[in-house]
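*Asks:* This is the structure I have questions about; it appears just below.
Quick note: the coordinates plus some simple rules give every number you see, no bench work behind them. The structure presented is a predicted model; accordingly, all values stated were derived computationally and were not measured. Cβ placement follows ideal geometry from the backbone for every residue including glycine, while neighbour counts extend to all protein chains displayed.
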Amino acid sequence: MDFTLSSEERAIRDWVRTFVDREIRPLEAEALRRERKGDRALTREEMQDLQDKARRAGFWGVLTPEEYGGMGLGAVMAALMEVELGRSFIPFRFGGYADNILFHANDEQRERYLRPTIEGVRRSCFAITEPGAGSDAKAIRTSARQDGSDWVINGEKTFITGGHEADFALVFAVTDRERGADGGVTCFIVDRDMGWRSEPIDTMGEWGPAALVLDEVRVPGSSVLGEVGQGFALAMQWIGQGRYLLPARALGACERLVEMAVEQANNRVTFGQPLAERQAIQWMVADSAVEIEALRWLVLHAAWLVDQRADSRHAQSMAKLYGGIKANEIVDRVLQIHGGMGYTRELPVERWYRELRLLRIYEGTDEIQRRTIARNLVKGHVSVRGSLG
Ligand SMILES: Cc1cc2nc3c(=O)[nH]c(=O)nc-3n(C[C@H](O)[C@H](O)[C@H](O)COP(=O)(O)OP(=O)(O)OC[C@H]3O[C@@H](n4cnc5c(N)ncnc54)[C@H](O)[C@@H]3O)c2cc1C
């Protein structure tokens, strides 16, 4: 069993590490100042500048196939890069990406949506959740009825990331109520100027998703992504893609947070001794370090299975569940070690405390991951002996 990185993996990982240290972390103090005033950490232009800088060095489209100009890297490499990016709270990601399901686009859709999205010219959002259907995505009620060669969509979507900024949405709608998720849900690519409206939703994080309203929105038949009736499988493919990347990012945050906690514990003296000398503090640091290490291998194992084209769903659910729970416990301990300063908005700890909470909710809540994991076990699809058998 070989746990070492190849020289290429190490070189790429180290480049990202240096990029984060030199280009991203210096922006943090200003980003915190802006967010305290209710502004975004980075303007769109600043994000673009950073992405352009990375692109000039060849870092663009991490998972995007080379035929689209991307790096076409594998999941393990993407996870290693995500860990490095997670070490800063600045919401940077490399340019050159598109929703994975957009690669199912036909020739016309490819030119109109996929390529411009990869180039950063157009912005998409993924819209399945509704006020009455979140975890139970099969319960969506947004409908699309056929009218000649067009479809007419009616419904409401909620909590859609990027929904207020997107200029087109991937909307999941019921096209055959009898069949429901089993062949009766279709994905439509719907331009904003076809008539949907959005309203931002305030959240405890630094930026909000949006609610979308589709009221008699008429779209041409050519707006169907993939096949009519195959939308639910596409939705599951979209949701399944990030379950190792989200905890990878949280892992990077946890590494940085524990480094901050160690520094604080070494410097802060109470009752004549540094906090670092206290067993109560040492145990928090020790438990966090063990959990970080466990999370690292859960994430990398899940990513490795993706690269092997093996069934990675169980491993991804475990990484997502463990990452969500442990990242929240770790940030709470780190805030505690910082005392009152941890609670202020001068440090990023408080920001991470709010942001990491989301990991236990979106792209499958803790309970839904547990449901998946338990079902796989009780039905005998997997064994607790893991992938080594
Ligand atoms: C900031 C943010 C961004 C998001 N981005 C997107 C996006 O881009 N696109 C999109 O489509 N959606 C998005 N979502 C929606 C997100 O995926 C849902 O919020 C999530 O799936 C949970 O659904 P819900 O909020 O309806 O909660 P519910 O499904 O109502 O669940 C409420 C609680 O009950 C629990 N629960 C539900 N069913 C069971 C069960 N069977 N057994 C035990 N417990 C259960 C849940 O785990 C949860 O704790 C986003 C959400 C947020 C907050």
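*Asks:* So which trypsin sites (Lys or Arg not before Pro) in region 312-389 end up in coil per DSSP with only 15 or fewer other C-beta atoms within 10 Å? Don't skip to the answer; put the middle values down first.
*Replies:* Working: sites: Arg313, Lys320, Lys326, Arg333, Arg345, Arg351, Arg354, Arg357, Arg360, Arg370, Arg371, Arg375, Lys379, Arg385; in loops: Arg345, Lys379, Arg385.
Qualifying residues, ordered by number: Arg345, Lys379, Arg385.
*Asks:* Label the chain by shape, choosing from rounded, prolate and oblate, from the square roots a ≥ b ≥ c of the eigenvalues of the Cα gyration tensor; if a/c is under 1.5 it is rounded, and otherwise prolate applies when a/b is larger than b/c, oblate when it is not.
*Replies:* On the way: a/c = 1.71, a/b = 1.56, b/c = 1.10.
Prolate.
*Asks:* Same structure, new question: At what distance in nm do the modelled label points of Glu227 and Arg34 sit from each other, each positioned 7 Å from its Cα along Cα→Cβ?
*Replies:* 4.6 nm
*Asks:* Sticking with this one: Over the chain, with a Gaussian network built from C-alpha contacts below 10 Å, which listed residue (Gly272, Gly324, Gly240) shows the highest mean-square fluctuation?
*Replies:* Its mean-square fluctuation being the largest, the pick is Gly272.
*Asks:* Further question: What is the total of Lys pairs in the chain with C-alpha atoms under 26 Å apart, excluding same-chain pairs fewer than 8 positions apart?
*Replies:* Values: Lys138/Lys157; Lys138/Lys320; Lys138/Lys379; Lys157/Lys320; Lys320/Lys379.
Taking the Cα cut-off of 26 Å, the pair count is 5.
*Asks:* Right, something else. Counting other Cβ atoms within 10 Å, which trypsin sites (Lys or Arg not before Pro) in region 13-77 have at most 10 and lie in a DSSP loop?
*Replies:* Numbers: sites: Arg13, Arg17, Arg22, Arg33, Arg34, Arg36, Lys37, Arg40, Arg44, Lys53, Arg55, Arg56; in loops: Lys37, Arg40.
Those that pass, being in a loop and sparsely packed, are Lys37.
*Asks:* Using Cα-only point scatterers and the Debye equation, what is log10 of I(q)/I(0) for region 57-107 at each q in 0.27 Å⁻¹, rounded to two decimals?
*Replies:* Here log10 of I(q) over I(0) equals -1.13.
*Asks:* With the Cα gyration tensor of region 191-319 giving a ≥ b ≥ c as the square roots of its eigenvalues, does the rule (a/c under 1.5 for rounded; else a/b larger than b/c for prolate; else oblate) give rounded, prolate or oblate?
*Replies:* It comes out oblate by the Cα gyration axes.
*Asks:* In addition: Output wanted: per-residue J couplings in Hz (rounded whole) for region 325-333, from phi through Karplus 6.51 cos²θ - 1.76 cosθ + 1.60, θ = phi - 60°, x for Gly and Pro.
*Replies:* 5, 5, 4, 5, 5, 5, 5, 5, 5
*Asks:* Next question, about the same structure. List, largest first, the extents of the alpha carbons of region 204-277 along their principal axes, each in whole Å.
*Replies:* For region 204-277, the Cα spread along each principal axis is 73, 25, 14 Å.
*Asks:* Take the alpha carbon gyration tensor of region 266-389, find the square roots of its eigenvalues, order them as a ≥ b ≥ c, and report rounded if a/c is under 1.5; if not, report prolate when a/b exceeds b/c, else oblate. Mind showing how you got there, number by number?
*Replies:* Values: a/c = 2.98, a/b = 2.14, b/c = 1.39.
It comes out prolate by the Cα gyration axes.
*Asks:* Would you kindly state the longest site-free stretch of the chain, with sites defined as chymotrypsin sites (Phe, Trp or Tyr not before Pro) in a DSSP loop (not H, G, I, E, B) surrounded by at most 13 other Cβ atoms within 10 Å?
*Replies:* Longest gap between qualifying sites, sites excluded: 4-270.
*Asks:* With a cut-off of at most 14 other beta carbons within 10 Å, and DSSP calling the residue loop, which GluC sites (Glu not before Pro) in region 327-389 qualify? Please list them. Don't skip to the end; give the middle numbers.
*Replies:* On the way: sites: Glu329, Glu346, Glu350, Glu355, Glu363, Glu367; in loops: Glu346, Glu363.
Filter output for region 327-389: Glu346.
*Asks:* Rank Ser317, Met341, Val331 by how far each Cα sits towards the positive end of the charge dipole of region 279-357 (+1 on Lys, Arg Cβ; -1 on Asp, Glu Cβ) and give me just the farthest.
*Replies:* Result: Ser317.
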